[in-house]
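Encoded as structure tokens, the structure appears first; notes follow it.
The values are calculated or read from the model by the stated rules, or taken from the named source; none is laboratory data. Everything quoted here is computed from the prediction, not taken from an experiment. Cβ atoms come from the backbone with ideal geometry, glycine included; neighbour counts cover every protein chain shown. Ligands, DNA and RNA are stripped out before the accessible areas are found, and what is left, the full protein with its side chains, is counted by its heavy atoms. Shrake-Rupley method; radii C 1.70, N 1.55, O 1.52, S 1.80 Å.
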Amino acid sequence: MSDKKPVFQNTLCLLLLLSISANVGLVTCKSTIEPCSNSGSCNALLGYTLYTNLKVSEVASLFQVDPIAILNANAIDISYPDVENHILPSQLFLKIPIACSCVDGIRKSVSTKYKTRPSDTLSSIADSIYSGLVSADQIGEANSVTDPSVLDVGQTLVVPLPCTCFNGTDNALPAIYLSYVVRPVDTLAGIAARYSTTITDLMNVNAMGSTAIKAGDILAVPLPDHGLIVPNGSYAITASHCVQCSCGPGNLKLYCMPSSLAVSCSSMQCRNSNLMLGNTTVQQTSGGCNVTSCSYGGYVNGSIITSLSTSLQPRCPGGQKFPTLIDPPTSVVRDSMFAPSPSPQSDSAGTTPKSSVVPTKAGSLPGLPPAANSPIGSTSHACSLRKSLATFPRALVMLLFVKFLMSMSL
């Protein structure tokens, strides 16, 4: 009988270890996914944190996008000398414009390709180079990698990246969606404040049952947008780099003018007028203010379309306000527009500051049905398997239970 006790005890200990390791391994991050059924695509943004010092052109190459588009999305001055070769600092946060497609029934971007280098692993590519926007498992699945420990140097991998469209609207207003990787310092209230939205809206869009988030989660964050896909507070280049358009900061009115990159462009003068693209004249009258503007109408077959409009307004408008342009960053400053969103400050009593009403369940306010026209996604496990102490209390209970069984068997 005494020979069987150690076997019994060892078996229990083995089961305990297996249970603990299984529970730790299953703790994953979540990502918002949008089901789709058509082949259409939309413009979206990725929230990307540089893993090392990189030139603007190197960041663009990493995602196969136009470097000028990256600069404009982040309101960085494109007229800065040799701006595409400017070195951006490690840990800088950037918004990366991408095309969001419908692949295998869900929204994702599959236009990014990565060529492997010595010492690369699927985990290092996912967690470091692409800053947690994708998991090692997702890269492996997208490329039918059978042995993730063996990667050939120079091998080209498809990197599936998260994105959402939600018909380009948020609560019936134009919007473009940013895929944002939650950082350890983040709170939902802090993210909402940083991107001028509400906790309720973030919970609705991401199908969240509570405000709890953890590092590595990927949230879809709606940003106010104009039809040309110019997120509020930023710029966009169009018409073969001839026209630069801005949105905000005070309103969602699109304003376009000749780009500083314009070299060989078609005429930007409005017909039957001396006004050029972006020009406005005002004339005060007894009945109000006559406003005449030369606006951007599109780009067709290499020609820039302009349109002349005249309106009578109650008062003459002030000068056009532009989003603030910055020089290419050379360092990362905490609590700047490039830093992770800070946790909300507490008052002297230590209470949480007032914020948006937190719904009792995803998609609703207390006592009210879900908001009409509010996009609602779903969540899936998206990031690499990571160890967590979240299972420690459960493991402790199991350990005590095992000890109890062992004492009963004596």
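Modelled spin-label separation between S79 and Q313, with each label point placed 7 Å from Cα along the Cα-to-Cβ direction: 2.4 nm. Around the Cα centre of region 43-132, unit charges on the Cβ atoms of Lys, Arg, Asp and Glu (plus for the first two, minus for the last two) sum to a dipole of about 260 debye. As a length-normalised measure over Cα pairs under 8 Å and 6 or more apart, the relative contact order of region 235-313 settles at 23 percent. Electrostatic tally near A220: other residues with Cβ closer than 13 Å to its Cβ, Lys and Arg +1, Asp and Glu -1, net -1. Computed over the Cα atoms of region 151-204, pair by distinct pair, the Kirkwood hydrodynamic radius stands at 13.8 angstrom. Note on T330 and S119: the extension gain reaches 73.1 nm, defined as 0.36 nm multiplied by sequence separation minus the Cα-Cα distance.
Diffusion coefficient of region 235-313 by Stokes-Einstein, Kirkwood radius over Cα pairs, 25 °C, 0.890 mPa s: 184 µm²/s. The phi torsions of region 102-111, fed into the Karplus equation with coefficients 6.51, -1.76 and 1.60 and a -60° offset, translate into couplings of 9, 10, 6, x, 9, 7, 6, 9, 10, 8 Hz, rounded to whole numbers, with Gly and Pro shown as x. A probe of 1.4 angstrom, applied to the heavy atoms of all protein chains, finds V333 with accessible area near 80 square angstrom.
Ligands, DNA and RNA excluded, the heavy atoms of Y51 present near 70 Å² of accessible surface to a 1.4 Å solvent probe. Ranked from largest to smallest solvent-accessible area, with a 1.4 Å probe on the protein heavy atoms, D66, D82 come out as D82, D66. Simple spin-label estimate for V282 and D147 gives 7.2 nm between the two label positions (7 Å along the Cα-to-Cβ direction from each Cα).
Inter-label distance, R271 to T211: 5.6 nm, where each label sits 7 Å from its Cα along the C-beta direction.
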